Each structure stands twice: as structure tokens, then as C-alpha cells.
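Just so it is clear, none of the values below were taken in a lab; they were calculated from the coordinates. Bear in mind that the values here come from a model prediction, so they are computed numbers and not experimental data. Positions of Cβ are backbone-derived with ideal geometry, glycine not excepted, and every protein chain shown enters the neighbour counts.
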Amino acid sequence: MQKSHLKIAEAARSAGVSPSTLRSWESQGLIEPIRTPSGQRLYDEELVERLQAIAWMRSEKGLNPAAIKEGLKDEGDMRPAPQDVRAGNNTPIGMKVRSLRRQARQTLETVSRATGTSVSQLSTFERTSQGISITVLHDVAKHFGTTVADLSGQHGQEDSVSLVRSGEWTTWPTTSSGVTIHDLVSGRRQMECHRFELAPGASSEGSYRHEGEEFLFVLTGTLQIVLDGDQFFELRTGDSFYFESGRPHSWRNLSDSQTVLIWINTPATF
């Protein structure tokens with residue numbers, strides 16, 4: 001069995017439906033899974049993307065099987081058109097990644113190998129914009145020559161000044177549990193200024209690196225920073241920390257309550 005082939009339960013989970021729904025779609029002529037000599041159903045990457053298209057047409061467009069079958073003849077007309085990830089639009093972040101992948105003519109398996117992330121995890125993220133860590137998202141963005149900040153869609157038009165009132169920050173799409181990121185500056189800048197809110201135990205789920213320099217200040221709570229995999233720093237309320245972004249770094253909220261911090265990157269490479 002090829003690595004990219006999924007069984008019916010895994011394929012159904014990637015499409016956000018039940019296995020019985022897939023069997024129903026098969027009886028309606030919408031899909032034709034691969035069959036092993038023993039009769040087991042298998043779904044390759046192309047078929048999984050077809051499942052996700054069907055699920056999207058059914059839930060978002062409200063189409064019946066006949067209309068979906070017609071729509072599948074020209075799927076490009078049925079689904080949202082690719083949009084520039086730098087445009088600051090409201091396109092879900094997972095759909096932006098899918099757009100970038102398709103523009104690059106890459107398969108999920110290609111991105112999986114390049115980023116060390118499973119095909120099913122990437123597929124779920126493209127469909128739901130959920131389920132991957134900051135570390136993985138950073139690796140995916142880097143793979144496509146962009147940044148997490150660009151993918152977040154929060155970059156507005158640049159002006160000479162930026163005033164953001166307390167509590168009026170724009171919020172990045174939430175891709176991993178317990179991590180909330182607010183933009184403290186509007187527009188594209190040399191410095192990326194963020195407010196992180198980390199639930200107890202929330203972490204980067206791995207290390208990442210990029211160009212630039214970073215500065216952070218802990219407003220409340222406790223944060224552990226790990227540099228180069230073997231240097232551990234525990235920061236508490238009122239502590240500040242600076243390091244070069246090119247060093248592999250990871251982080252975790254060590255406290256049993258929320259940790260809030262200001263985090264600044266320069267240049268804009270996060």
C-alpha cells in the first residue's frame with residue numbers, strides 16, 4: 001500500500017464526514033475508491049481532495065448529488081478562486097495554504113516530506129484551518145516562500161503611524177489549541193509586534209528558526225524558552241528576553257494559568 005493511500009475511516013475524517021457517507025457517495029456515483037483484491041476501499045490523495053470538494057459543495061453550496069456531479073466536472077468554478085496571501089482578505093488560512101500548494105503544483109505528500117508533517121494532518125488543516133502547531137505552520141509558510149504573518153491576513157495598508165487602541169487588536173486565525181496571537185501594529189512593518197496569550201501547557205510544539213532578531217516581555221505568567229535544543233530559560237512576570245531568530249527556538253507556558261507576553265520580531269520574518 002502506498003503511503004498516500006487512506007482507509008475509509010481516515011479518508012472520511014479528512015473530509016469531515018462519516019464512513020457511511022462515503023459509501024453513500026459511492027453508490028450515487030460521486031466517487032470510485034480503489035479496491036484491493038480483498039475488496040477493501042482505499043483513497044489516494046487525488047480522491048481525498050475530491051471528497052473534500054464534495055463535502056464543501058454539499059455544506060457550503062447546499063447542492064444535491066446531481067448538482068455536485070455536474071460541479072465536479074469543473075471544480076475550479078465551484079470553489080473559491082485562489083487569492084493572494086498578502087492581500088489581507090478573509091480567506092481561511094487553510095484555504096490559503098491549499099491555494100499556494102496548487103499554484104506550486106505540489107501534492108500533499110510533497111509538502112509532507114518537506115515539512116515533516118503527515119499528509120492527513122496537512123489535509124485536515126487545509127480543510128478546517130485547525131490542527132497544526134505554530135512550528136508546523138511556520139515550516140509550511142517557509143516552504144512556500146511566505147511567513148506566518150502574511151498567511152494570517154492581518155497586514156493592512158501601511159501608513160507612517162499605527163495607533164491600535166487597547167483591546168482593539170486584530171487576532172490571528174487560531175490553528176493550534178491554547179495559542180492566541182494579536183497584532184499590536186497594523187500594516188506591513190520592519191518589526192512584527194504581537195501579544196501572545198498562552199493557555200496552561202500551550203507550546204510551540206517543536207522548534208523553528210528564521211532570519212532576524214526577537215525580543216519578548218512577559219506581562220503575566222511563566223514562559224520557558226529553549227534555544228538550540230539544550231539551553232533552557234524560565235521567564236516570569238516582568239522578565240524580558242532577546243535572542244537571534246536564526247537559533248532553533250521553542251517555547252511553552254509552564255504555569256497553571258494563562259501566560260501573556262509581548263513578542264517583537266525584526267525584520268518581518270515570523
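Considering only the Cα atoms of the stretch 6-78, their convex hull presents on average a projected area of 4.6 nm². Other residues within the sphere of radius under 15 Å centred on the Cβ of Ser240, judged by their own Cβ, net out at -2 (K and R +1, D and E -1). Between Glu46 and Gln130, the FRET efficiency from the beta-carbon distance, with R0 = 22 Å, is close to 0.40. Arranged from fewest to most other beta-carbon atoms within 10 Å of their beta carbon, Ile8, Ile181 become Ile8, Ile181. Dipole size of the stretch 6-78 about its Cα centre, with +1 on Lys/Arg Cβ and -1 on Asp/Glu Cβ: approximately 380 debye, rounded to the nearest 20. Testing the spin-label approximation: label points 7 Å from Cα along Cα→Cβ at Ser24 and Gln258. State their distance in nm. Reported label-point gap for Ser24 and Gln258 is 4.0 nm. Placing one equal scatterer on every Cα of the stretch 134-258 and applying the Debye formula, the log10 ratio I(q)/I(0) at q = 0.09, 0.13, 0.15, 0.23 Å⁻¹ is -0.25, -0.55, -0.74, -1.69.
Springs join every pair of Cα atoms under 10 Å in this Gaussian network model of the chain, and among Ala141, Ala114, Ala199 the largest mean-square fluctuation is at Ala114. Charge dipole (Cα centre; +1 on Lys/Arg Cβ, -1 on Asp/Glu Cβ; no other charges) of the chain amounts to roughly 920 debye.
For the chain, the convex hull spanned by the alpha carbon atoms encloses 152 Å³ per residue.
Label separation (Glu234 vs Glu211): 3.7 nm, computed from points 7 Å beyond Cα along the C-beta direction. Computed as a quarter of the hull surface, the mean projected area of the alpha carbon convex hull for the stretch 188-261 stands at 4.8 nm².
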